[in-house]
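The block underneath contains the structure these notes are about, expressed in structure tokens.
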């Protein structure tokens with residue numbers, strides 16, 4: 001069992017008891033990042049409460065060897081996409097994808113996720129071209145959020 005799987009086993013019951021869901025767990029560079037969410041979004045009180053419970057449980061169980069920093073937060077508006085489930089739930093969202101060096105096609109693709117399945121994702125870029133990318137070829141991906149002028153127009157119309 002990997003370190004992340006051991007951490008997941010320790011923290012999953014605590015996160016579930018707080019009426020939250022695990023979005024992602026990553027251990028990199030001495031930082032254990034646990035992203036939690038719930039339908040409608042996770043509030044700061046719920047996150048801080050579960051962070052304290054997670055910290056105590058990890059201290060007691062010690063699934064990680066050595067020193068590390070714990071970060072517990074929500075995935076935010078610009079969510080990292082690392083699993084097939086992340087991509088599937090992001091269908092219809094605008095994303096930025098960076099492929100691994102040596103991957104055929106564009107190294108960076110920005111556009112709308114049109115489909116996602118167990119092997120890869122299709123992104124329609126800003127010019128309308130479709131790019132089907134295998135998950136194994138993705139170095140990094142995240143949803144994007146733009147503060148558009150539509151919000152300003154709506155506010156002016158309400159005033």
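Where a number appears in this text, it was derived from the coordinates with a stated rule and is not lab data. Note that the structure is a prediction, hence the values are computed from the model and not measured. Cβ coordinates were reconstructed from backbone atoms using ideal geometry, including for glycine residues, and neighbour counts include every protein chain displayed.
The table below lists the values:
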quantity	calculated
Every residue from region 58-85 that is in contact (Cβ under 8 Å) with a residue 60 or more places away in the chain, farther than 16 Å from residue 30 by Cβ and in contact with a helix residue (DSSP H, G or I) (Cβ under 6 Å, 6 or more places away or on another chain)	81
Any hit, region 71-84, residues being buried (at least 18 other Cβ atoms within 10 Å of the Cβ) and either part of a strand (DSSP E or B) or out of contact with any strand residue (DSSP E or B) (no Cβ under 7 Å at 6 or more places or on another chain) (or both)	yes
Qualifying residue in region 91-102 (condition: in contact with a helix residue (DSSP H, G or I) (Cβ under 8 Å, 6 or more places away or on another chain) and free of Cβ contacts under 8 Å to residues at least 60 places away in the same chain)	yes
Residue tally, condition free of Cβ contacts under 8 Å to residues at least 24 places away in the same chain and in a strand (DSSP E or B), over region 6-54	4
